[in-house]
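Written below as structure tokens is the structure these notes are about.
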Amino acid sequence: MTNFQYMLELLGTFFFAISGALAIQDHHNDLFGAGFMGFVTAIGGGTLRDIMLGSYPLVWIGDVHFLYSIFAGVLVAYFFYSSLIVHKRTFMIFDTLGISFFTILGVEKALTLNVEPEIAAIMGMFTAVMGGVIRDVLTNETPVIFRREIYATACLSGAVLYLILYRAGVPRDANLLVSSLLIVIVRVLAVKYKLALPTFRKM
Amino acid sequence: MTNFQYMLELLGTFFFAISGALAIQDHHNDLFGAGFMGFVTAIGGGTLRDIMLGSYPLVWIGDVHFLYSIFAGVLVAYFFYSSLIVHKRTFMIFDTLGISFFTILGVEKALTLNVEPEIAAIMGMFTAVMGGVIRDVLTNETPVIFRREIYATACLSGAVLYLILYRAGVPRDANLLVSSLLIVIVRVLAVKYKLALPTFRKM
Amino acid sequence: MTNFQYMLELLGTFFFAISGALAIQDHHNDLFGAGFMGFVTAIGGGTLRDIMLGSYPLVWIGDVHFLYSIFAGVLVAYFFYSSLIVHKRTFMIFDTLGISFFTILGVEKALTLNVEPEIAAIMGMFTAVMGGVIRDVLTNETPVIFRREIYATACLSGAVLYLILYRAGVPRDANLLVSSLLIVIVRVLAVKYKLALPTFRKM
């Protein structure tokens, strides 16, 4: 299981790097800029989480394989740019799988550091979405969490479910599966039916 | 006194969260986006200070009551949105009280970690203003510290006064009061008379 | 040598502060805003590096002389604003010397903390360019690393050369000189001949 999870983490990092590298399309973009965006998108969330929790070394600094996953993702984005842009819809599925998986991993990481459940839920969401937020801030875009249909809230819902089932004693692997699945379902329904949270009243 | 100060900190966090949640008004805004903005505004300054000083756990991670203050602030912003926007002037008073109080708390926190007075002054100012700066960066606004009449400089002046009186042996509570008051006065005068620092010459 | 290097670090900080303070020219700018920009530009890269590596205290918090260098740089920018803007070309030379020197210092700092060479190269580049990136994000500019002809890539090339020569046992001072020089040469050639990396294909 541990090996399987480790491979999933590297794979998630790879997909996040592709999505980050593709995000640069509207700007003056070169291989370095795209690589930097891929890097930031892939490691931003986990890095912010670990810095806030004071957990060192950062994952990608302690294990250089994550860098290789990012390099691979950026190269794939470079060589298959046209096809990836065309199949943006397909690609969104990977983003959804990525945020659902990384949310739960972030919750688990926070729990091992003995924080309150509320903090663990926030850390799970941060792990999933803050890489994209930092990427958007760097390119002067409105951050993804303010822009889209229910996105970060989907992550939060899965994080909360994980914590409830965790307290209820549900085995970890079943919990990981069910909670990730909730995130995927909420997100897919939100996109399909354009669901959004209530907005602040305009005057 | 300690209990009184703790309640003031929670109250300050509450007001910062309201001000952050209201800041989202011009953007596509939903309850999550506003909550996120309130959260960032409230904890951003202290978080940056503690990360720079290597002081763990971060205040809001070690004590979950600060999260509850933020939730309360965001809900108040949501349900009383119209009235709060109308009374923006009134609300600015709370912002001023908030930055004056958090500046001095930030200076004191830095001093307990044995940094030089110059660093403590900067950390005090950071505690007060960086939450708003991060909020503005996230919404692509010009950060508050570049925009307004004397703002961060008011915080710096109070921080410097606190450090001078501290060296002079003035009791802590009197010092807290006088130094906070200086920040309030400088800020209020700056807004009233549109005071600004000298600008760089344009060519 | 140590004293000489320490003076170079203070001098580099001084030049970065000037370049940061000048960057505010197009915005509503006052002495505080310019000072803040100078500060962020000068300490941003090293601060991010040390926070990511968990290396405390941060350089400028542990040694207040760096703050004085920044104050001096901002004052020079203020009093000699017109001449500095006119001689922007001359000034670019100092920026180039600054990033080349800080890249290698960043690599060396990372190596003393026992990270992999790939990480050390990234940390060297971060030390040199992230102060400018944070400055640009704060003023809603497109960050320097996405904008210019080869910039961060020049830093990376010097960092990689340093690591190769380091492995090959080349003495440190010679290595510092040669690797810094490569950064300067790549950067100067890039500006002169408008060299850029291959871009992602537009559809």
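The values are calculated or read from the model by the stated rules, or taken from the named source; none is laboratory data. Everything numeric here is computed off the predicted structure, so don't read it as measured data. All Cβ positions, even for glycine, are placed from backbone atoms using ideal geometry, and neighbour counts span all protein chains on display.
Across the stretch C:182-203, the qualifying residues are those that are at the interface with another protein chain (Cβ under 10 Å from one of its Cβ atoms) and out of contact with any Asp or Glu (no Cβ under 7 Å at 6 or more places or on another chain), and the one among them that is modelled with the highest pLDDT is C:Phe200. Only residues that are charged (D, E, K, R) and either closer than 16 Å to A:Gly131 by Cβ or at pLDDT 90 or above (or both) were counted in the stretch A:1-48, giving 1.
Is there a residue in the stretch A:116-136 that is free of Cβ contacts under 8 Å to residues at least 60 places away in the same chain, more than 24 Å from B:Leu138 (Cβ to Cβ) and more than 14 Å from the chain's Cα centre (by Cα)? Yes, the conditions are met somewhere in the stretch A:116-136. When you check B:Asp136 against the structure, is it under 18 Å from B:Phe102 (Cα atoms), part of a helix (DSSP H, G or I) and modelled with pLDDT under 95, yes or no? So B:Asp136 fails the test.
When B:Met37 is tested against (1) without any contact (Cβ under 8 Å) to a residue 60 or more places away in the chain; (2) at the interface with chain A (Cβ under 10 Å from one of its Cβ atoms), just one condition goes unmet, and that condition is (1). When the stretch B:150-171 is examined, which residues are found to be closer than 17 Å to C:Phe36 by Cα and over 20 Å from the mean Cα position of the chain (by Cα)? Listed by number, the list is empty, since nothing qualifies. Residue-level check: of (1) more than 23 Å from A:Val137 (Cβ to Cβ); (2) within 18 Å of the chain's Cα centre (by Cα), C:Ala174 misses just (2). For the stretch A:87-146, the set of residues classified as over 20 Å from A:Ser180 (Cβ atoms), more than 11 Å from chain B (Cβ to nearest Cβ) and not basic (Lys, Arg) consists of A:His87 only.
For the stretch B:49-90, the set of residues classified as surrounded by 17 or more Cβ atoms within 10 Å (Cβ to Cβ) and modelled with pLDDT under 90 consists of B:Ala77, B:Tyr78, B:Tyr81, B:Leu84, listed by residue number.
Contact annotation: residue pairs with Cβ atoms under 9 Å, 6 or more positions apart or on different chains, pairing a residue in the stretch B:147-163 that is free of Cβ contacts under 8 Å to residues at least 24 places away in the same chain and hydrophobic (A, V, I, L, M, F, W, C) with a partner that is crowded, with 24+ Cβ neighbours inside 10 Å and part of a helix (DSSP H, G or I), are B:Leu161/B:Ser179; B:Leu161/B:Ile183. The residues of the stretch B:147-181 that are under 22 Å from B:Ile43 (Cβ atoms) and either assigned to a helix (DSSP H, G or I) or more than 10 Å from every other protein chain (Cβ to nearest Cβ) (or both), listed by number, are B:Arg147, B:Ala152, B:Ala154, B:Cys155, B:Leu156, B:Gly158, B:Ala159, B:Leu176, B:Ser180.
Assessment of the stretch A:14-21 against the conditions (surrounded by fewer than 19 Cβ atoms within 10 Å (Cβ to Cβ) and free of Cβ contacts under 8 Å to residues at least 60 places away in the same chain) yields no matching residue.
Residue pairs whose Cβ atoms lie under 6 Å apart, sitting 6 or more positions apart in sequence or on different chains, and linking a residue in the stretch A:91-109 that is over 14 Å from A:Leu163 (Cα atoms) to a partner that is of a type in the set (D, E, K, R) and in a helix (DSSP H, G or I), are A:Thr96/A:Arg187.
When C:Phe66, C:Phe79 are checked against the criterion of being of a type in the set (Phe, Trp, Tyr) and touching a residue at least 40 places away in the same chain (Cβ under 8 Å), a single residue qualifies: C:Phe66. Tallying residues that are within 9 Å of chain A (Cβ to nearest Cβ) and over 28 Å from C:Gly54 (Cβ atoms) within the stretch B:49-86 yields 7. As a summary of the residue check, C:Leu165 satisfies the conditions (1) at pLDDT below 95; (2) surrounded by fewer than 20 Cβ atoms within 10 Å (Cβ to Cβ); (3) more than 26 Å from B:Gly132 (Cβ to Cβ) except for the one numbered (1).
Among the conditions (1) modelled with pLDDT of 95 or more; (2) within 22 Å of B:Gly35 (Cα to Cα); (3) not basic (Lys, Arg), B:Pro143 misses just one, which is (1).
Would the stretch C:94-106 turn up any residue that is surrounded by fewer than 19 Cβ atoms within 10 Å (Cβ to Cβ), touching a Phe, Trp or Tyr at 6+ places or on another chain (Cβ under 6 Å) and over 28 Å from B:Ile134 (Cβ atoms)? Within the stretch C:94-106 (the criterion being surrounded by fewer than 19 Cβ atoms within 10 Å (Cβ to Cβ), touching a Phe, Trp or Tyr at 6+ places or on another chain (Cβ under 6 Å) and over 28 Å from B:Ile134 (Cβ atoms)), the answer is yes, since at least one residue qualifies. Set side by side, the residues C:Arg135, C:Arg89 differ, and just one is basic (Lys, Arg) and in contact with a Gly (Cβ under 8 Å, 6 or more places away or on another chain), which is C:Arg135.
Summed over the stretch A:43-66, the residues that are within 15 Å of the chain's Cα centre (by Cα) and polar (S, T, N, Q) give a count of 1.
Scanning the stretch C:49-90 for residues that are aromatic (Phe, Trp, Tyr), under 18 Å from C:Leu11 (Cα atoms) and in contact with an Asp or Glu (Cβ under 9 Å, 6 or more places away or on another chain) returns C:Phe66, C:Tyr68.
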